[in-house]
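Peer 1: Below is one structure. I have some questions about it.
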Amino acid sequence: RGSFFHQVVQDTVEYLKNTFDDLEALKWRVEDLPFLKEGEPVRRWTAKKSTMTITLYRIPIERFGKKRIPDPRIHIEQAVISAAASLIDKDPWELIHPD
């Protein structure tokens with residue numbers, strides 16, 4: 001199951017790197033859960049602009065919001081695209097449907 005998650009992330013990142021010059025240096029990693037402080041909402045991903053790195057949190061991505069997006073591949077892709085878009089200050093929609 002974890003290998004499916006990693007494969008979808010890798011495929012999506014490769015698409016983004018090959019399609020958008022701003023994301024050529026994009027790096028990624030997967031962790032099971034984010035560190036949370038009391039009262040903080042659970043994040044599905046984080047993005048660090050200084051290193052062009054996105055971190056995807058597997059369990060929140062896999063477990064939250066399944067009613068809205070039934071296909072697990074699409075749910076994972078959506079998280080990767082949202083995280084990458086935040087690195088380059090774009091709306092995720094711009095990465096899904098480039099001009």
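Peer 1: Lys pairs in region 23-91, Cα-Cα under 19 Å, at least 8 apart or on separate chains: how many? Please list the in-between numbers first.
Peer 2: Values: 27/48; 27/49; 27/90; 37/48; 48/90; 49/90.
Value for region 23-91: 6.
Peer 1: How big is the antiparallel share of DSSP beta bridges in the chain, given as a percent to the nearest 5?
Peer 2: That works out to approximately 45 percent antiparallel.
Peer 1: In the chain, carbon and sulfur make up what percent of the accessible area (probe 1.4 Å)?
Peer 2: On the way: 3300 of 6390 Å².
Its accessible area is 52 percent carbon and sulfur atoms.
Peer 1: With a 1.4 Å probe and every protein chain left in place, work out the accessible area per residue of the chain in Å², rounded to a whole number. The partial results should precede the final answer.
Peer 2: Numbers: 6390 Å² over 99 residues.
I get 65 Å² per residue for the chain.
Peer 1: How about region 35-65: which trypsin sites (Lys or Arg not before Pro) there lie in a loop by DSSP and see at most 11 other Cβ atoms within 10 Å? All intermediate terms of the calculation are to be shown ahead of the outcome.
Peer 2: Numbers: sites: 37, 43, 44, 48, 49, 58, 63; in loops: 37, 43, 44.
Qualifying residues, ordered by number: 37.
Peer 1: Where in region 6-40 are there GluC sites (Glu not before Pro) that are in a DSSP coil and have at most 16 other Cβ atoms within 10 angstrom of their Cβ?
Peer 2: In loop regions of region 6-40 (DSSP not H, G, I, E or B), the sparsely surrounded GluC sites (Glu not before Pro) are 24, 38.
Peer 1: Something else: Helix-derived [θ] at 222 nm for the chain: sum -39500 (n - 2.57) over DSSP H runs of at least 4, divide by residue count, nearest 500?
Peer 2: -14000 deg cm²/dmol
Peer 1: Looking at (i) 14.2, 40; (ii) 12.2, 32; (iii) 13.0, 42, which value of Rg and Dmax of the Cα atoms in Å comes from a calculation on the structure shown?
Peer 2: After the calculation, the listed value that fits is (iii).
The values are calculated or read from the model by the stated rules, or taken from the named source; none is laboratory data. Note that the structure is a prediction, hence the values are computed from the model and not measured. Virtual Cβ from ideal backbone geometry, glycine too; neighbours counted across all protein chains shown. The area values use the complete protein model at the heavy-atom level, side chains included, leaving out ligands, DNA and RNA. Shrake-Rupley method; radii C 1.70, N 1.55, O 1.52, S 1.80 Å.
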